Amino acid sequence: MKIALVGFGNVGSAFIELLYEQREHLAKQYKFKPKVIAVIARRGTALSKTGFKRAADVKFDGKAILYEKAIRDAEVIVEVTPTDVQTGGIALEHCRVALKMGKHVVTANKGPLVVAYRELEKLARQKKVQLRFEGTVMGGIPSMILGLDVMSIANIQEVRGIFNSTTNFILAEMESGRTYADALKTAQERGYAETDPTADVEGWDAAAKAAIIANTLMGGDLRINDVDREGITKITPQMITDAKEKNSRWKLIANVKRTDSGVTASARPMLLSYDDPLAQVNGAASALTYFTDVLAPITLIGSGAGGKATSFALLTDLIRIHVGNG
Ligand code: HSE
């Protein structure tokens, strides 16, 4: 499988390393031999006919190459540039162009999905290629495959969870006495936080994931500003201490619900008592619960962020394309 990787930050380089690390297992188990033949980044384009083995092999020559030309020989585009959930940003154009050229698109970028899911999905159908996005909603938790498959069959009525690792980590660290700024710095160092951490702490990231769930799993058509959103920046150390005295914790809770007037979504801080299962999801973990018509609630808990977890989500999408499982 010839891949063009678009974006070469934390996730992009971790993705190449993961392919290298798992190469024997993937070849043996799936006869899957991926080759990253192009890496397109802000600083230039790097091309390799034989494929880049390690992240350190990727060298940009600084020459500008037209995007269409750089991805011409690839079968799949892996899009991991920074997210813009208001406009979709350049990533939206990357996805559009690639799909129009008849290439599969695998993305961890929330922007295109929030802004133009229906358009992109239609384009993929017309071109008979796949648009896959497991990495957009908590890379370390297989939320989309389960949601698109089993949970959809059971008819999803509501999804609730902790969709953002950075804020969950900050709140837990503040509870153990660290300052907000200090905890945020660690989240950035460990690669949980978005390129611009305002996206995490003001609730944009959780809201975007809620919109993606609404749009892709529940037939909604929400944009980011349709999500009722509030971040964690108004939560003070005092509020955290007060909560503790009442055996409670502040959590940034996302919720997507079917109502009589359509699908609604929110992402805002809530005070949960210790006996709420989500109150026990601590550190950089994240979680989501599916409420369906048929099954009892199903909760997934995992580590939702970081380069490796997100790369793994990209890899699962690539394997599905490889085995021809639409
Ligand atoms: N910044 C995100 C988080 C990364 O903290 O959850 C995954 O989208």
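Just so it is clear, none of the values below were taken in a lab; they were calculated from the coordinates. Keep in mind that this is a model prediction, so the values were computed, not measured. Note: ideal-geometry Cβ built from the backbone for every residue, glycine included; neighbour counts use all protein chains shown.
Take every DSSP beta bridge whose two residues both sit in the chain; close to 65 percent of them are antiparallel.
Label-to-label distance, GLU24 versus ASP149, with points set 7 angstrom from Cα along the beta-carbon direction: 2.7 nm. Summarising the strand pairing of region 30-137, around 40 percent of its internal DSSP beta bridges are antiparallel. Derived from the Cα gyration tensor, the three semi-axes of the equivalent ellipsoid of region 237-277 are 27, 11, 6 Å, largest first. In terms of packing, defined here as the mean over residues of other Cβ atoms within 10 angstrom, the peptides 140-148, 242-250, 109-117 line up highest first as 109-117, 140-148, 242-250. With the convex hull drawn over the C-alpha atoms of region 1-159, the volume per residue is 129 Å³.
Taking every DSSP helix (H) stretch of at least 4 residues in the chain, weighting each as -39,500 (n - 2.57) and dividing the sum by the residue count yields a mean residue ellipticity at 222 nm of -11000 deg cm²/dmol. Averaged over residues, the count of other Cβ atoms within 10 Å places the peptides 129-138, 153-162, 39-48, 196-205 in the sequence 129-138, 196-205, 153-162, 39-48, highest first.
Each of GLN86 and ARG223 was given a label point 7 Å from its Cα along the Cα-to-Cβ line. The distance between the two points is 1.2 nm.
Work out how much length LEU295 to ARG178 would gain on full extension: take 0.36 nm times their residue separation and subtract the Cα-Cα distance, in nm to one decimal. Don't skip to the end; give the middle numbers.
On the way: separation 117, 0.36 × 117 = 42.12 nm, distance 4.03 nm.
Separation in residues times 0.36 nm, less the Cα-Cα distance, equals 38.1 nm.
Rg and Dmax of region 121-213, based on Cα coordinates, read 16.3, 54 Å.
Pairs spanning more than 18 Å between alpha-carbon atoms, out of LYS2/LYS69; LYS69/LYS100; LYS100/LYS122; LYS110/LYS209; LYS53/LYS100; LYS69/LYS103: LYS53/LYS100. For region 92-165, the square roots of the Cα gyration tensor eigenvalues, ordered a ≥ b ≥ c, give a/c of at least 1.5 with a/b greater than b/c, which places it in the prolate category. Taking other residues whose beta carbon is less than 13 angstrom from the beta carbon of ASN247, and scoring Lys, Arg as +1 and Asp, Glu as -1, yields -2.
Which shape class, rounded, prolate or oblate, goes with the chain when its Cα gyration tensor gives a ≥ b ≥ c as root eigenvalues, a/c under 1.5 marks rounded, and past that a/b bigger than b/c marks prolate? Before the final figure, lay out each step's value.
Working: a/c = 1.88, a/b = 1.48, b/c = 1.27.
Prolate.
Could you compute the net charge surrounding ASN164? Neighbours are other residues with a C-beta less than 13 Å from the C-beta of ASN164; K and R count +1, D and E count -1.
Numbers: positive: LYS110, LYS209, ARG229, LYS251, ARG268; negative: GLU194, ASP200, GLU202, ASP205, GLU230.
Neighbourhood net charge equals 0.
Quick one: net charge around GLY44, please, counting Lys, Arg +1 and Asp, Glu -1 for every other residue with C-beta under 14 Å from its C-beta.
Working: positive: ARG42, ARG43, LYS59, LYS63, LYS69; negative: ASP61.
Result for the neighbourhood of GLY44: +4.
With contacts taken as Cα pairs under 8 Å at a separation of at least 6 residues, region 245-326 carries a relative contact order of 18 percent.
Full-extension gain between GLN157 and LYS234, please, as 0.36 nm times their residue separation minus the C-alpha to C-alpha distance. Length gained between GLN157 and LYS234: 24.7 nm. Annotation: the antiparallel percentage among DSSP beta bridges lying fully within region 199-323 is about 90.
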